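Notes follow once the structure below has been shown.
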Protein chains: 2
Amino acid sequence: MKIEVLKRVLEKNAARADDVRAVLDRNQVVSINLMGSPGCGKTTLLEATFERLQAETRFAVLEGDLATTRDAERIAAADVPVVQVLTEGGCHLDAATVAAALDRVRLDEVDCLFIENVGNLVCPANFELGEHHRVVLLSVAEGDDKPLKYSYMFQRADAVVVGKIDLLPHCRFDPDRVRSDLARINPQASQFMVSAYDGTGMAEWIDWVRHT
Amino acid sequence: MKIEVLKRVLEKNAARADDVRAVLDRNQVVSINLMGSPGCGKTTLLEATFERLQAETRFAVLEGDLATTRDAERIAAADVPVVQVLTEGGCHLDAATVAAALDRVRLDEVDCLFIENVGNLVCPANFELGEHHRVVLLSVAEGDDKPLKYSYMFQRADAVVVGKIDLLPHCRFDPDRVRSDLARINPQASQFMVSAYDGTGMAEWIDWVRHT
């Protein structure tokens, strides 16, 4: 019974995701679904990305949170149009929620839409949002065992960003282990090592965003 | 429809949780549901706790993960009986899963059972497991805004442990902010600041575990 309901929910979501993608395509907007654990640095990565690219690319953000508008305020302070989507306890964004939020974005003035998902390394993996690219951000503070433990998320990523690498000297994290685990479970994914804090590795990530 | 199903699922889960609690009480086992984000340090906190307390307390662990048996291997290496519970993609443990896993624990040889939940700051908050105490672990690397952003989880905790405080000099994390946010949303919760890595603050946490 539970499984049947979940299957219907996912099918309905996939159909709505196709609608979202059609709207984005019609407006020539590329969209990126940014996922990762709570506190892995998603908003900080966006701030650092906009700082480097907003002179040439018109961004907008859908900001998914369970509660508070704090992240949306940070994005707005970076002078990027943002719509806060509060899930009120919900563990992921879904395509219907994204579709509704898109009504509040001037898509004709946007080149690239970031959808910052709810901080969660599990549930968002199952829900397409009509995105063109799926990016998973993993902070080195979370440990190098995450790609195998949360393989559902990492297997379906188009790019994996290892973030907060300025903390590497203080954490037990082996970048080679992540590289080899990803090579095994998702060899197609682009991989980046960045610190949004001190700028290390940002150039390669920015280049990837530029060419999406 | 979705909400009705969820309500039924939660009601059924609560009934199973009562059964679990009855079994634990009959065996005089105290149980602690340990929750937190992926990579916040749950297994490391358990290792450091057992090291300090296992001479006087008989522990056991139910180890919840989506995939891999790595955490269970770490607990077993600490010489504590452990049952690995793989959710195969599921985002939380539920009471029925815990009930089934308990069949594999010699409860007459256990004083304190830790249930390490799936790394997730959202979904586990909704599912009672028959635990006597709920503990949320927050790593300083996750940022000081988490109690308000993930308030559903933090509001229902009996204890909040701020962990990895050895990283404080390298992170933007204000312990006073967490303290004051928790004082507002959950003034009853015990609060601890620990580093399982260098041992700072462990004595207070150990004392709390000892008196559960």
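The values are calculated or read from the model by the stated rules, or taken from the named source; none is laboratory data. Here the structure is a predicted model, which is why all the values come from computation and not from measurement. Note: ideal-geometry Cβ built from the backbone for every residue, glycine included; neighbour counts use all protein chains shown.
When you go through A:Val122, A:Val140, A:Val82 one by one, which is the residue that is β-branched (Val, Ile, Thr) and out of contact with any Cys (no Cβ under 8 Å at 6 or more places or on another chain)?
On the way: A:Val122 fails: out of contact with any Cys (no Cβ under 8 Å at 6 or more places or on another chain); A:Val140 fails: out of contact with any Cys (no Cβ under 8 Å at 6 or more places or on another chain).
Checking each option against the conditions leaves just A:Val82.
Might you check whether a residue that is in a loop (DSSP other than H, G, I, E, B), farther than 16 Å from A:Leu138 by Cα, modelled with pLDDT of 95 or more and among the hydrophobic types (A, V, I, L, M, F, W, C) occurs anywhere in segment A:30-52?
No, that holds for no residue.
Can you pull out the residues in segment A:183-212 that are β-branched (Val, Ile, Thr) and at pLDDT 95 or above? Spell out how you get there, then give the answer.
Let us first name the residues in segment A:183-212 that are β-branched (Val, Ile, Thr), namely A:185, A:194, A:200, A:206, A:209, A:212.
Once the filter is applied, which keeps residues that are β-branched (Val, Ile, Thr) and at pLDDT 95 or above, segment A:183-212 yields A:Ile185, A:Val194, A:Thr200, A:Ile206, A:Val209.
Could you tell me whether any residue of segment B:101-111 is of a type outside the set (Val, Ile, Thr), touching a helix residue (DSSP H, G or I) at 6+ places or on another chain (Cβ under 6 Å) and more than 9 Å from chain A (Cβ to nearest Cβ)?
The first filter runs over segment B:101-111 and keeps only residues of a type outside the set (Val, Ile, Thr), leaving B:101-104, B:106-109, B:111.
Filter once more, keeping what is touching a helix residue (DSSP H, G or I) at 6+ places or on another chain (Cβ under 6 Å): none.
Among the residues of segment B:101-111, not one is of a type outside the set (Val, Ile, Thr), touching a helix residue (DSSP H, G or I) at 6+ places or on another chain (Cβ under 6 Å) and more than 9 Å from chain A (Cβ to nearest Cβ), which makes the answer no.
Could you count how many residues in segment B:122-176 are more than 9 Å from chain A (Cβ to nearest Cβ), under 23 Å from A:Pro124 (Cβ atoms) and either surrounded by fewer than 19 Cβ atoms within 10 Å (Cβ to Cβ) or in contact with a Pro (Cβ under 7 Å, 6 or more places away or on another chain) (or both)?
Result for segment B:122-176: 3.
Would you mind stating whether B:Glu116 is of a type in the set (D, E, K, R), under 30 Å from B:Ala76 (Cβ atoms), in contact with an Asp or Glu (Cβ under 8 Å, 6 or more places away or on another chain) and surrounded by 24 or more Cβ atoms within 10 Å (Cβ to Cβ)? Can you show your working first?
On the way: of a type in the set (D, E, K, R): yes; under 30 Å from B:Ala76 (Cβ atoms): yes; in contact with an Asp or Glu (Cβ under 8 Å, 6 or more places away or on another chain): yes; surrounded by 24 or more Cβ atoms within 10 Å (Cβ to Cβ): yes.
Criteria met by B:Glu116.
Taking segment B:1-53, which residues are among the polar types (S, T, N, Q) and farther than 20 Å from B:Ala159 by Cβ? Give the derivation first.
Here is the first cut: in segment B:1-53, the ones among the polar types (S, T, N, Q) are B:13, B:27-28, B:31, B:33, B:37, B:43-44, B:49.
Selection gives B:Asn13, B:Asn27, B:Gln28.
With the requirement that a residue be free of Cβ contacts under 8 Å to residues at least 24 places away in the same chain and either in a helix (DSSP H, G or I) or surrounded by 17 or more Cβ atoms within 10 Å (Cβ to Cβ) (or both), what does segment A:1-11 give you? Give the steps one after another, and end with the answer.
Looking only at segment A:1-11, we keep the residues that are free of Cβ contacts under 8 Å to residues at least 24 places away in the same chain, and these are A:1-9, A:11.
A:Lys2, A:Ile3, A:Glu4, A:Val5, A:Leu6, A:Lys7, A:Arg8, A:Val9, A:Glu11 - these are the residues of segment A:1-11 that are free of Cβ contacts under 8 Å to residues at least 24 places away in the same chain and either in a helix (DSSP H, G or I) or surrounded by 17 or more Cβ atoms within 10 Å (Cβ to Cβ) (or both).
Given (1) within 14 Å of chain B (Cβ to nearest Cβ); (2) farther than 19 Å from A:Ala196 by Cα; (3) over 15 Å from the mean Cα position of the chain (by Cα); (4) modelled with pLDDT of 95 or more, identify the lone condition not met by A:Arg74.
It fails just one condition, (2).
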